[in-house]
1. For the stretch 63-173, what is one quarter of the convex hull surface built on the Cα atoms, given in nm²?
2. Under 30 Å Cα-Cα from K96, which lysines qualify once same-chain neighbours fewer than 8 residues away are excluded?
3. Calculate, in nm to one decimal, what A24 and V269 gain on full extension: separation in residues at 0.36 nm each, minus their alpha carbon distance.
4. Residue-wise, which Karplus ³J(HN,Hα) couplings in Hz belong to the stretch 168-181, taking 6.51 cos²θ - 1.76 cosθ + 1.60, θ = phi - 60°, and x for glycine or proline?
5. Given points 7 Å out from each Cα along the Cα-Cβ axis, report the I280 to E120 separation in nanometres with one decimal.
6. For a label point 7 Å from the Cα of I113 along Cα→C-beta, name the residues of the stretch 53-86 whose backbone N is under 19 Å from it.
7. I'd like the Karplus ³J(HN,Hα) series for the stretch 292-309: coefficients 6.51, -1.76, 1.60, θ = phi - 60°, whole numbers in Hz, and an x wherever there's a Gly or Pro.
8. Set the Förster radius R0 to 35 Å, insert the Cβ-Cβ distance between N98 and R313 as r into 1/(1 + (r/R0)^6), and round the FRET efficiency to 0.05.
Amino acid sequence: MVARNIHYHSPRRTGPFVPINCGAIPADLLESELFGHEKGAFTGALTSRKGRFELADGGTLFLDEIGDMPMAMQVKLLRVLQERTFERVGGNSTIKVNVRVVAATHRNLETMIDKESFREDLYYRLNVFPIEMPALKDRVEDIPLLIQELLTRMQAEGAPKIGFTPRAINSLMEHTWPGNVRELANLVERMIILYPNSLVDVNHLPTKYRYSDIPEFHPENSAGMPVEEQERDLLAGIFSEEFKVEDISALDDIVNNSNSPQSLPPEGVNLKELLAELEINMINQALDAQSGVVARAADMLGMRRTTLVEKMRKYNMQR
């Protein structure tokens, strides 16, 4: 996706974008795939065929999993990158191309260089403008946007509509995602299969994705209710400023057990400071009760994880 966006937002956008997975093609066929071949160059070569470099002329060639390319091919690729010319397999004519090359790998090429399984000169020839792709665990704030994007794509392909509750998304933001976005996409697809036209809550998630132990959400009169209405009712309940009777009772217990004044003294109070102290006290208690796990502490306090994180930042608190 990054390689495609580089192409489509560049002056080469009118040219072709040609991807090839270097690890998915057998070593003896990779040269023909990249450079093409002439008729009769090898058994089965019944006609001449252009390679990916020729097809990408004027555009972008994306070499995925470059770390899986055999050493023999690395030498030939280096020559093409340096001279911008090549010959088809079995041919004598030199072909000149104007191609931007974008290469990607999940391997550590510098380690491979030390082990002599990747050419150092090719590495430095490719490494003109490196782009580091952070793991999903290092950009968890992208998860809500990625989920929405994945749902939109799958629904456009005919998948049933589903939604995720805020606390389900908060729980997913606590996961480490060793499989990165591909793992997230697989999870979203699994939830669509298991809970079509439903609202996915924490307890619907597979066990390893649950980072809070809270009662299952059951919206009143939700039978047959569209997902959009269920989401709207849930959000209205979560962000409602009205207190139930039991909420008021619980708040009274907190106030009575704190250092807050039971009646307004004649000289008055600084209400802002008083409420801040109460808030800090409750956040600390929730964090202590949940061993510092922010998502679980947020559930105890009835707020979103991101809201709690902002409050902790505001009061300069550490998890």
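Please treat every number below as a calculation from the coordinates, not as lab data. On a predicted model such as this, the values are computed, not experimentally measured, just so you know. Cβ atoms come from the backbone with ideal geometry, glycine included; neighbour counts cover every protein chain shown.
1. 11.2
2. Within the straight-line limit of under 30 Å, K96 reaches these lysines: K39, K50, K76.
3. Details: separation 245, 0.36 × 245 = 88.20 nm, distance 7.11 nm.
Result: 81.1 nm gained on full extension.
4. My calculation for the stretch 168-181 gives 5, 5, 4, 5, 5, 6, 8, 6, 8, 6, x, x, 6, 5 Hz in order.
5. The two pseudo-label positions are separated by 5.6 nm.
6. Of the residues in the stretch 53-86, 65-82 have backbone N under 19 Å from the label point off I113.
7. Karplus values, whole Hz, x for Gly and Pro: x, 7, 4, 4, 6, 4, 4, 4, 4, 8, x, 9, 6, 4, 5, 5, 5, 4.
8. Numbers: r = 50 Å, r/R0 = 1.43.
Efficiency for this residue pair is about 0.10.
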